[in-house]
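Below is one structure; the comments refer to it alone.
The values are calculated or read from the model by the stated rules, or taken from the named source; none is laboratory data. Given the structure is predicted, the values throughout are model-derived calculations rather than measurements. Cβ atoms come from the backbone with ideal geometry, glycine included; neighbour counts cover every protein chain shown. All accessible areas refer to the heavy atoms of the entire protein, side chains included, with ligands and DNA or RNA removed. Shrake-Rupley method; radii C 1.70, N 1.55, O 1.52, S 1.80 Å.
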Amino acid sequence: EERWDGAARGGGDEEQGGEDSAAQLKYLRVHGGGSDDCMGISAAEVMVSSDNLSPRHDQDEGAMYARRGVFNTGIVFLKHTKGAKKFAEAWNAHLNAKEGRYARLTSDQQVFNAMAREEGQWPGLSPHVLPAGFPTTRVLVANGLLDGSTFRLGVLPVALFNPGHVYFLQREKLLQTMPGAEP
């Protein structure tokens with residue numbers, strides 16, 4: 001169970017938020033200042049950027065758009081939860097596998113993408129259902145933990161957390177429109 005420290009915000013007592021979405025929504029409504037691009041990710045235990053290219057589709061469809069793409073491990077956040085700790089242990093074990101499904105994979109990003117999805121399924125991820133009042137969900141139910149359980153994977157908004165090659169391509173196009181600029 002998570003706790004938010006009221007003293008850190010200038011308030012008093014420690015406030016209990018809980019890991020369940022309803023408690024988080026209540027906390028966000030009271031303290032979070034409303035809905036934004038990241039509110040739909042609050043139920044996640046692990047958050048990652050993606051290599052998807054469309055900020056518009058990402059904003060409209062959230063996790064349903066992201067699950068069809070590749071997760072980019074250039075940005076990974078772990079929330080302080082049991083599920084995130086289990087994820088870190090599993091990711092490390094899969095990265096160091098000498099045999100089996102993960103042994104042939106050559107990068108942390110390949111292992112991350114393989115472990116998050118159900119083996120032999122595409123996209124192999126289902127959306128985490130959020131209570132009424134949340135915007136489009138950015139959270140998926142992901143797999144790959146050593147004990148066979150799942151974890152909540154949040155996909156960061158493309159417009160705010162774009163991968164390097166997307167940033168480069170966007171700036172390349174901008175440079176082409178500027179007089180005297182060379183790509």
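Considering the conditions (1) over 26 Å from LYS86 (Cα atoms); (2) open to solvent by less than 40 Å² (accessible area, probe 1.4 Å); (3) at pLDDT below 55; (4) of a type in the set (Ser, Thr, Tyr), TYR27 is excluded by exactly one of them, (1).
The sole residue among PHE161, PHE168 that is of a type outside the set (Lys, Arg), open to solvent by 50 Å² or more (accessible area, probe 1.4 Å) and without any contact (Cβ under 8 Å) to a residue 40 or more places away in the chain is PHE168.
Figure legend. Inter-residue proximity from the stretch 42-64: first residues outside any loop (DSSP other than H, G, I, E, B), second residues among the hydroxyl-bearing types (Ser, Thr, Tyr) and open to solvent by 10 Å² or more (accessible area, probe 1.4 Å), beta-carbon distance below 6 Å, spacing 6+ or different chains. Indicated pairs: HIS57/TYR65; ASP58/TYR65; ALA63/THR137.
Does PHE151 satisfy the criteria of being in contact with a strand residue (DSSP E or B) (Cβ under 6 Å, 6 or more places away or on another chain), surrounded by fewer than 19 Cβ atoms within 10 Å (Cβ to Cβ), under 18 Å from GLY40 (Cα atoms) and at pLDDT below 95?
Values: in contact with a strand residue (DSSP E or B) (Cβ under 6 Å, 6 or more places away or on another chain): yes; surrounded by fewer than 19 Cβ atoms within 10 Å (Cβ to Cβ): no; under 18 Å from GLY40 (Cα atoms): yes; at pLDDT below 95: yes.
When the stated conditions are applied, PHE151 does not pass them.
Within the stretch 124-142, the set of residues being assigned to a loop (DSSP other than H, G, I, E, B) and within 22 Å of SER42 (Cβ to Cβ) comprises LEU125, HIS128, VAL129, LEU130, PRO131, ALA132, GLY133, PHE134, PRO135, THR136, THR137, ARG138.
Residue-wise test of (1) in contact with a helix residue (DSSP H, G or I) (Cβ under 6 Å, 6 or more places away or on another chain); (2) at pLDDT 80 or above.
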{"residue": "LEU125", "(1), (2)": "no, yes"}
{"residue": "GLY144", "(1), (2)": "yes, yes"}
{"residue": "PRO163", "(1), (2)": "no, no"}
{"residue": "ARG171", "(1), (2)": "no, no"}
{"residue": "MET178", "(1), (2)": "no, no"}
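Based on what the data block shows, is THR73 polar (S, T, N, Q), touching a strand residue (DSSP E or B) at 6+ places or on another chain (Cβ under 8 Å) and outside any helix (DSSP H, G or I)? Give the derivation first.
Numbers: polar (S, T, N, Q): yes; touching a strand residue (DSSP E or B) at 6+ places or on another chain (Cβ under 8 Å): yes; outside any helix (DSSP H, G or I): yes.
Considered against the rule, which asks whether it is polar (S, T, N, Q), touching a strand residue (DSSP E or B) at 6+ places or on another chain (Cβ under 8 Å) and outside any helix (DSSP H, G or I), THR73 comes out as yes.
Kindly indicate the residue of the stretch 124-145 that is in contact (Cβ under 8 Å) with a residue 24 or more places away in the chain and surrounded by fewer than 14 Cβ atoms within 10 Å (Cβ to Cβ) and also farthest from PRO55 (Cα to Cα) among those meeting that condition. Across the stretch 124-145, the extreme among qualifying residues is PRO131.
Only residues that are touching a residue at least 40 places away in the same chain (Cβ under 8 Å), farther than 14 Å from GLY144 by Cβ and either assigned to a helix (DSSP H, G or I) or open to solvent by 70 Å² or more (accessible area, probe 1.4 Å) (or both) were counted across the stretch 78-123, and they come to 1.
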